[in-house]
Amino acid sequence: MHKVLLVDDEKRMLDLVALYLRPYDYRCVKADSGIQALELLNKEAFDLVLLDIMMPDMDGWEVCREIRKFSNVPIIMLTAREQQEDIVKGLRLGADDYMTKPFGEEELLARMEALLRRSAPPKRIELDGLVWEEEGFELSFNHQPIRLTPKEFSMLGLLMKNPNKVFERDRLLELVWGFDSETEGRTVDSHVRNVREKIRQAGFPIDDHFQTVWGIGYKWIN
């Protein structure tokens, strides 16, 4: 199931798009303002954003600009404005696609599916002999297997798929464990220690790549 953030100041539009997407296994979260959308994106992970341009408090262009300061989530801008300069402006600010209202439901679905395919994270990551393979649930260094628990494997994969991005402990808890932010971050810290030790024993220079951002969380550097 893909999680989509719908951003529009018209409640009817939010309800219509959510109603159409629901049978196709999309979980839709609605935001009726740009400010609310940014608050949600800072708290939750989304696979795609459908973003209206003409909103009163903060227009879609400004929202897109702010999103790109901290996230690479795919964005499709939806608007009644069809002038070429508006389309170019949206794309230059970081939008991935642009649709004008009114739009066909099937075309919207097709564009979403195409964008999600292009933005899908890799299932195999390799770095200097260290190989993480999602489908086989395997981690190895120089063809020698490294045994990780499911949570250790998922956490490492999340970091490797997002190089140079800092993940707070609470964010890792949410994405890997499914816990809320009230759960203590010691769970993350203990798993990080275990992963580092296992990979270090295999001979890979893990400390050069799996780094602590003190007081915040962790990141992976290629």
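The values are calculated or read from the model by the stated rules, or taken from the named source; none is laboratory data. What you are looking at is a predicted structure, and each value in this text was computed from that prediction instead of being measured. Here Cβ is always computed from backbone atoms with ideal geometry, including for glycine, and neighbour counts include all displayed protein chains. Protein only, heavy atoms only, side chains kept; ligands, DNA and RNA dropped before computing areas. Shrake-Rupley method; radii C 1.70, N 1.55, O 1.52, S 1.80 Å.
Could you tell me whether the range 36-45 includes any residue that is polar (S, T, N, Q), part of a loop (DSSP other than H, G, I, E, B) and at pLDDT below 90? No. Would it be correct to say that Pro150 is without any contact (Cβ under 8 Å) to a residue 40 or more places away in the chain and farther than 22 Å from Asp208 by Cα? Yes.
Tell me, which residue of the range 116-173 that is small (Gly, Ala, Ser) and exposed (fewer than 12 other Cβ atoms within 10 Å of the Cβ) is modelled with the highest pLDDT? By that ranking, first place goes to Gly136.
Would you call Lys101 surrounded by fewer than 18 Cβ atoms within 10 Å (Cβ to Cβ), touching a Ser or Thr at 6+ places or on another chain (Cβ under 9 Å) and closer than 25 Å to Arg171 by Cα?
Numbers: surrounded by fewer than 18 Cβ atoms within 10 Å (Cβ to Cβ): yes; touching a Ser or Thr at 6+ places or on another chain (Cβ under 9 Å): yes; closer than 25 Å to Arg171 by Cα: no.
No, not satisfied.
Cβ-Cβ contacts under 9 Å between residues 6 or more apart (or on different chains), taken from a first residue in the range 49-61 that is open to solvent by 20 Å² or more (accessible area, probe 1.4 Å) to a second residue that is in a strand (DSSP E or B), are listed as Met54/Thr79; Asp59/Asp52; Trp61/Met77.
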